[in-house]
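Single-structure report; data block below.
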Amino acid sequence: MNALGGLSVSWPAQAPRFRFVVPEDLTPAEIAAWRRFQASDPDLDSPYLTPDFVRLAAELRPGVTVAIAEADGQPSAFLAFERRGGVGRPVAGALNDCQAVIAAPGWRWDPRALLRAGGLGMLDFTGLRASQTALAPFHRAVVPSPIVDLSRGYAAYVEERRAAASQVAGGMSGLPHHAPARAKQAERQLGPLRFTLHDPDPAILRRVLAWKSEQYRRSRIPDAFAWPWVVTLLERIQATQAPGFAGVLSTLHAGDRLIAAHMGMRSATTLHYWFPTYDTEVAKVSPGLLLFAAMGREVARHGIQRIELGPGDEPYKRLLANGAIPMAQGFVGGLSLPALLRRGRHGVEAAAARLPLGPLAAWPGRLFRRLDRIGRYS
């Protein structure tokens, strides 16, 4: 029995053996086991957690590694990460909104055994499925990640949001049941609306990324697409169309004019809502809402049961979401230098929060998070 962070955790009597491989060396049998574990647990159905995403990222990112836990010569769990020095980080860095150990429900393990076996000083996680209890002692924060639950169909989802409208603050994007009236307005002003669930045209993707870069500049946040590997990864995801993993570049035209688009990706039953954008010149007709409504209706017809909006409290997420998944941030580390530096940083943030500095108390945390985000693109 081991107590950490006020929690008591029992580890398995016999620790698994870990083996480390690059994604391209995964065998067909190992990939089949990975997919079987994913299918056995709905919490693991995210495109980020597929072997397809990991393999695409590994083509562009150095150090992508898969830890395979084995028992009796058979894989019992998989964990993908990027090795940077002595630190294991999420695959694809700042682009990654979801991490988890891929294993059958109830599998138990000691995260520190993974560090020892892999020669790691620290394992970092920024969007871990908080339901994975083995890592609970190492959580620093748990935040809700909004989702759109489509398991009862799109029409039922819209009616649910209509009923909840009195409890939701208003916003520019509107609520899903406002979409039909906004669509009529858009067609009167701009022409007939035309929705495409997935457009394979690379030129459309370039337009989407240009719009999104301009949005980043207006918001004064780091432009994700200033890093060439990010653009190349999205191009390869757009071109991938497989049953369990595919890029989804959805577009909405009014007449011949592109007014909104979204670049995302899906797994078997989950669409990750990633990079939505729209033509700011037609913002008054709510192009983002119109695109989301058309996309939600269509993906539900194709078997998507959940749209994950990603962490954050942006107004449009509060308007669209009808649920949330707990996601954890934190790290596993011992007496290594990376872990000691991380603890020191957290100490600085906590000390600033306790001092009577008013709004200045939040500055250290904001600075560290901004540096983190930039560093995770490198």
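The values are calculated or read from the model by the stated rules, or taken from the named source; none is laboratory data. Just so you know, these numbers come straight off a predicted model, no measurement behind them. Note that each Cβ is placed from the backbone with ideal geometry, even for glycine, and that neighbours are counted across all protein chains shown. Areas reflect the complete protein model, heavy atoms only, side chains present, ligands, DNA and RNA absent. Shrake-Rupley method; radii C 1.70, N 1.55, O 1.52, S 1.80 Å.
Okay, here's what the table says:
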{"item": "Relative frequency of Cα-Cα separations exceeding 15 Å in segment 280-324, percent", "result": "53"}
{"item": "Glu281 versus Ala141: modelled label distance in nm, points set 7 Å from Cα along the beta carbon direction", "result": "3.9"}
{"item": "Ratio of the Cα radius of gyration of segment 196-297 to 2.2 N^0.38 Å, where N counts its residues", "result": "1.04"}
{"item": "Kirkwood estimate for segment 39-95, i.e. one over the average of 1/r between Cα atoms, Å", "result": "12.4"}
{"item": "Solvent accessible area, Å² - Arg306, 1.4 Å probe, full protein context", "result": "40"}
{"item": "Ser166-Ala71 pseudo-label distance in nm [points 7 Å out on the Cα-to-Cβ vector]", "result": "5.2"}
{"item": "Linear extension gain, Glu214 paired with Ser151, 0.36 nm per residue minus alpha-carbon span", "result": "19.2 nm"}
{"item": "Stokes-Einstein translational diffusion, segment 126-271 - Kirkwood Rh over all Cα pairs, 0.692 mPa s, 37 °C, in µm²/s", "result": "178"}
{"item": "Computed label-point distance, nm, for sites Asp43 and Ala181 using a 7 Å Cα→Cβ extension", "result": "4.1"}
{"item": "Accessible area (Å², 1.4 Å probe, nearest 10) - Asp43", "result": "40"}
{"item": "Cα gyration tensor, segment 229-270 - rounded (a/c under 1.5), prolate or oblate", "result": "oblate"}
{"item": "Gyration tensor verdict on segment 65-125 (Cα atoms; rounded if a/c is under 1.5, prolate if a/b is larger than b/c, oblate otherwise)", "result": "oblate"}
{"item": "Cβ-defined net charge surrounding Met295, 14 Å radius [Lys, Arg +1; Asp, Glu -1]", "result": "+2"}
{"item": "Three-way shape label, segment 4-145, alpha-carbon gyration tensor, a/c 1.5", "result": "rounded"}
